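J.: One structure, pasted below without further comment.
The values are calculated or read from the model by the stated rules, or taken from the named source; none is laboratory data. Keep in mind that this is a model prediction, so the values were computed, not measured. FYI the Cβ positions are ideal-geometry reconstructions off the backbone, even for glycines, and counts take in every protein chain you see.
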Amino acid sequence: MKVYFAGDHAGFEMKQELMEFVRGLGHEVEDMGPLEPKSGDDYSDYVIPLAKKVAKGAPFAAKGVPFGVRGIVVAGSGQGEIIAMNRIKGARGALLAPGPQMVPLIIASRDHNDSNIFSIGARFCTLEEAKKAITVWLETPFSNAERHIRRLQKNDVYGS
């Protein structure tokens with residue numbers, strides 16, 4: 001699988017470590033920026049191009065196309081980033097929520113919502129939590145349940 005990474009200055013160090021981790025899991029990784037930490041950079045400059053690439057390269061698994069492209073965003077909170085990415089038609093971002101329900105939420109984001117971008121708030125989780133979350137997210141398939149496909153198709157009607 002190809003995994004695009006992007007973020008901002010606040011997530012830069014964690015992003016670098018997570019890219020190596022994902023490579024170690026056997027995936028191809030492409031860094032879409034920032035390529036160096038620069039205080040005051042704008043996550044939108046990196047996240048929106050990532051969302052467009054993922055949306056273009058990763059149509060619904062339900063349409064018979066293998067899910068070979070995903071994106072991971074690592075930034076300060078992950079909140080603004082997920083708002084930006086979900087404005088792109090075909091991008092389906094899920095936000096990492098560390099805590100006791102982390103794994104079930106991640107599974108639901110994939111199983112029910114076919115999330116193709118994962119947003120991580122570096123200021124709100126540890127590197128180990130992020131690695132565990134990414135592993136679960138990358139390994140969890142979409143259910144292809146009719147009700148989930150129907151909902152996703154409705155969502156894409158409203159995307160830009």
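J.: Could you tell me whether the range 90-111 includes any residue that is in a helix (DSSP H, G or I), among the hydroxyl-bearing types (Ser, Thr, Tyr) and at negative phi?
T.: Yes, the conditions are met somewhere in the range 90-111.
J.: Moving to a separate point now. Can you tell me which residue is surrounded by the most Cβ atoms within 10 Å (Cβ to Cβ) among those in the range 12-32 that are within 19 Å of Arg123 (Cβ to Cβ) and in contact with a Pro (Cβ under 9 Å, 6 or more places away or on another chain)?
T.: Result: Lys15.
J.: Only one of Arg150, Arg123 is in contact with a Gly (Cβ under 6 Å, 6 or more places away or on another chain) and not small (Gly, Ala, Ser); which?
T.: Matching residue, one of Arg150, Arg123: Arg123.
J.: Could you please find all residues in the range 112-132 being assigned to a strand (DSSP E or B), under 9 Å from Leu96 (Cα atoms) and among the hydrophobic types (A, V, I, L, M, F, W, C)?
T.: Passing the criteria: Phe118, Ile120.
J.: Another question, if that's okay. Can you name the residue in the range 103-129 that is over 12 Å from the mean Cα position of the chain (by Cα) and within 18 Å of Met19 (Cβ to Cβ) and, of all such residues, is surrounded by the fewest Cβ atoms within 10 Å (Cβ to Cβ)?
T.: Restricting to residues being over 12 Å from the mean Cα position of the chain (by Cα) and within 18 Å of Met19 (Cβ to Cβ), the top hit is Glu128.
J.: I would also like to ask the following. Criterion first (over 14 Å from Glu139 (Cα atoms) and either under 14 Å from the mean Cα position of the chain (by Cα) or not hydroxyl-bearing (Ser, Thr, Tyr) (or both)) does Gly40 satisfy it?
T.: Judged against the criteria, Gly40 is a match.
J.: Still on this model: Residues of the range 1-34 being touching a helix residue (DSSP H, G or I) at 6+ places or on another chain (Cβ under 9 Å) and of a type in the set (A, V, I, L, M, F, W, C), which ones?
T.: Across the range 1-34, the qualifying residues are Met1, Val3, Phe5, Ala6, Met14, Leu18, Phe21, Val22, Leu25, Val29, Met32.
J.: Has the range 137-156 got any residue that is touching a strand residue (DSSP E or B) at 6+ places or on another chain (Cβ under 6 Å), part of a loop (DSSP other than H, G, I, E, B) and modelled with pLDDT of 95 or more?
T.: Scanning the range 137-156 turns up no residue that is touching a strand residue (DSSP E or B) at 6+ places or on another chain (Cβ under 6 Å), part of a loop (DSSP other than H, G, I, E, B) and modelled with pLDDT of 95 or more.
J.: Checking Ile82 against (1) surrounded by fewer than 16 Cβ atoms within 10 Å (Cβ to Cβ); (2) among the β-branched types (Val, Ile, Thr); (3) touching a Leu at 6+ places or on another chain (Cβ under 6 Å), which single condition isn't satisfied?
T.: (1)
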